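Participant: Here you go, one structure.
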Amino acid sequence: MTAAAHAGENPAIYGLMAEFDDPDRLVEAARAAKAAGYVSFDTYAPFPVEGMDEELPGLRNYVAPTVFVGGLLGGLGGFLLQCWSSMYYYPHNIAGKPLYSWPAFIPITFETTVLGGAVAAVFGMLAYNGFPRLYHPVFNAPGFDMASDDRFFLCVQSDDPSFDPAATLAFLEGLGPRSVSVVPY
């Protein structure tokens, strides 16, 4: 059965997926989808494709601000913990130094800044990538297992405002893919 017949029968689909043999064709297809007004589509490739990040809609990198905030909170937390422990919790007069001796706090403050930034980077990356994701509808697409080998895929999602099963199928077939398939939920 063809993709058009599947798309007409079942309105509850994730989207339509086109399969390409070449990464350059995938970039061209993503550029054409963006120019056609599609805003909810994604590409899948076995390796990073040069120029693809400019063609995908809505990509924003929040990792740098997350790492900055994590480092700031880690450094501030380490500094305040040292102040609290040396001034209130366990005050000692050592060699006549004041209880608040901030130069002695610098090494640990630096270490907690690095620790806070690293922890924020790891957990921020996991959160922004949507991990752990044990299931995704594109895994049901025929031939999608080749996305980790030597195939390149463009999936236009059904929640796109411009998505019409017949028109989107015609658009994807006009890009000259190897095949076009329906991605069920």
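The values are calculated or read from the model by the stated rules, or taken from the named source; none is laboratory data. These numbers were taken from a predicted model, which means no experiment stands behind them. As a convention, Cβ positions derive from the backbone with ideal geometry for all residues, glycine included, and neighbour counts pool all protein chains shown.
Participant: Looking at the stretch 31-38, is at least one residue out of contact with any Gly (no Cβ under 7 Å at 6 or more places or on another chain) and either assigned to a strand (DSSP E or B) or surrounded by fewer than 13 Cβ atoms within 10 Å (Cβ to Cβ) (or both)? Walk me through how you get there before you give the answer.
Facilitator: Within the stretch 31-38, the first condition is being out of contact with any Gly (no Cβ under 7 Å at 6 or more places or on another chain), and the residues that meet it are 31-38.
This time we only want the ones that are either assigned to a strand (DSSP E or B) or surrounded by fewer than 13 Cβ atoms within 10 Å (Cβ to Cβ) (or both), so: 35, 37.
Checked against the condition, which is being out of contact with any Gly (no Cβ under 7 Å at 6 or more places or on another chain) and either assigned to a strand (DSSP E or B) or surrounded by fewer than 13 Cβ atoms within 10 Å (Cβ to Cβ) (or both), the stretch 31-38 yields at least one hit.
Participant: Give me a count of the residues in the stretch 101-124 that are touching a residue at least 24 places away in the same chain (Cβ under 8 Å) and within 22 Å of C83 (Cβ to Cβ).
Facilitator: Final tally of qualifying residues: 12.
Participant: Just to be sure I understand the filter: pairs with C-beta atoms under 6 Å, separated by 6 or more residues or on different chains, first member in the stretch 135-150 and under 12 Å from G15 (Cα atoms), second member in a loop (DSSP other than H, G, I, E, B). Which pairs pass?
Facilitator: P137/Y185
Participant: Could you figure out which of (1) in a helix (DSSP H, G or I); (2) under 17 Å from the mean Cα position of the chain (by Cα) isn't true of F171?
Facilitator: Result: F171 passes all but (2).
Participant: Only one of (1) over 19 Å from D42 (Cβ atoms); (2) part of a helix (DSSP H, G or I) fails for G96. Which number is that?
Facilitator: The failed condition is (2).
Participant: Could you list, in sequence order, the residues of the stretch 73-91 that are modelled with pLDDT of 95 or more and either small (G, A, S) or under 18 Å from A127 (Cβ atoms) (or both)?
Facilitator: L73, G74, G75, G77, G78
Participant: On to the next question. For the condition modelled with pLDDT of 90 or more and of a type in the set (A, V, I, L, M, F, W, C), what is the one hit in A45, A7? Give the derivation first.
Facilitator: Working: A7 fails: modelled with pLDDT of 90 or more.
Testing whether each residue is modelled with pLDDT of 90 or more and of a type in the set (A, V, I, L, M, F, W, C) leaves just A45.
The rows are residues; the columns are (1) at pLDDT below 85; (2) part of a loop (DSSP other than H, G, I, E, B); (3) over 18 Å from P48 (Cα atoms).
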{"position": "E111", "(1), (2), (3)": "no, no, yes"}
{"position": "L115", "(1), (2), (3)": "no, no, yes"}
{"position": "A120", "(1), (2), (3)": "no, no, yes"}
{"position": "F123", "(1), (2), (3)": "no, no, yes"}
{"position": "L126", "(1), (2), (3)": "no, no, yes"}
{"position": "Y135", "(1), (2), (3)": "no, yes, yes"}
{"position": "V138", "(1), (2), (3)": "no, no, yes"}
{"position": "D145", "(1), (2), (3)": "yes, no, no"}
